[in-house]
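Since the structure comes first, as structure tokens, the remarks are kept for the end.
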Amino acid sequence: PQIQLAEDTAASLNFGVKPATLVPGKVDISSSLAPFTIIYNLSGRVVAGSGYLNGSIPTIPIGVLSSSKNKIYNFVTWQPQDNIRVAVVSVAANNYYVASGRSLAEVEKNENKTFTLALLGGLASIVVLAAAFLVDQKKS
């Protein structure tokens with residue numbers, strides 16, 4: 001959803017829609033899984049946004065934003081503070097940069113579950129192979 005949100009917002013800005021009308025509501029980046037959008041000017045200052053962290057709209061490094069020039073979009077993993085990681089897509093508009101993001105909390109939970117299952121499967125394989133080896137050694 002981040003790509004669609006960023007591209008649609010940039011297209012609306014290019015058609016002259018006012019930034020504040022494109023990002024209604026507030027999303028608490030630290031606790032919500034909802035996507036958010038932040039619009040920056042070409043200097044990297046916040047113009048409008050729906051993503052809030054500790055009561056204010058955070059600033060993404062200007063390099064992340066400017067990397068979207070001459071591309072369809074730029075995507076990065078952003079960690080605005082400890083224990084908060086966000087998948088962010090930035091898109092360049094005529095006079096703005098648009099960043100849209102979403103928490104990686106659920107993705108990280110799934111990665112941890114997958115790692116645990118792979119580790120348990122590997123350990124179970126070793127136990128089965130060791131048991132088969134011991135059975136074979138007793139027959140010999």
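The values are calculated or read from the model by the stated rules, or taken from the named source; none is laboratory data. Since this is a predicted model, take the numbers as computed values, not measurements. Don't worry about glycine lacking a Cβ; one is built from the backbone with ideal geometry, like all the others, and counts go over all protein chains shown. Side chains included, ligands, DNA and RNA excluded: accessible areas come from the protein's heavy atoms. Shrake-Rupley method; radii C 1.70, N 1.55, O 1.52, S 1.80 Å.
Observations, loosely collected:
- Hits in segment 1-40 - residues which are open to solvent by 50 Å² or more (accessible area, probe 1.4 Å), closer than 22 Å to Asn74 by Cβ and outside any loop (DSSP other than H, G, I, E, B): Ile3, Gln4, Leu5, Glu7, Asp8, Asn14
- When Thr77, Thr114 are checked against the criterion of being over 20 Å from Gln2 (Cα atoms) and either among the hydroxyl-bearing types (Ser, Thr, Tyr) or open to solvent by 30 Å² or more (accessible area, probe 1.4 Å) (or both), Thr114 stands alone in meeting it.
- Tallying residues that are over 18 Å from Val86 (Cα atoms) and either among the β-branched types (Val, Ile, Thr) or free of Cβ contacts under 8 Å to residues at least 12 places away in the same chain (or both) within segment 24-59 yields 1.
- Given (1) in a strand (DSSP E or B); (2) open to solvent by 30 Å² or more (accessible area, probe 1.4 Å); (3) within 15 Å of Leu5 (Cα to Cα), index of the condition Tyr52 fails: (3)
- Neighbours by Cβ (under 8 Å, 6+ apart or cross-chain): first from segment 9-20, of a type outside the set (S, T, N, Q); second in a loop (DSSP other than H, G, I, E, B) and open to solvent by 60 Å² or more (accessible area, probe 1.4 Å): Leu13/Asn94; Leu13/Asn95
- Of the criteria (1) without any contact (Cβ under 8 Å) to a residue 60 or more places away in the chain; (2) not in a helix (DSSP H, G or I), which one Thr116 fails: (2)
- Residue within segment 83-91 that is out of contact with any Gly (no Cβ under 8 Å at 6 or more places or on another chain) and buried (at least 21 other Cβ atoms within 10 Å of the Cβ) present: yes
- Only a single criterion out of (1) free of Cβ contacts under 8 Å to residues at least 24 places away in the same chain; (2) closer than 26 Å to Gly25 by Cβ; (3) open to solvent by 70 Å² or more (accessible area, probe 1.4 Å) is not satisfied by Gln137, namely (2).
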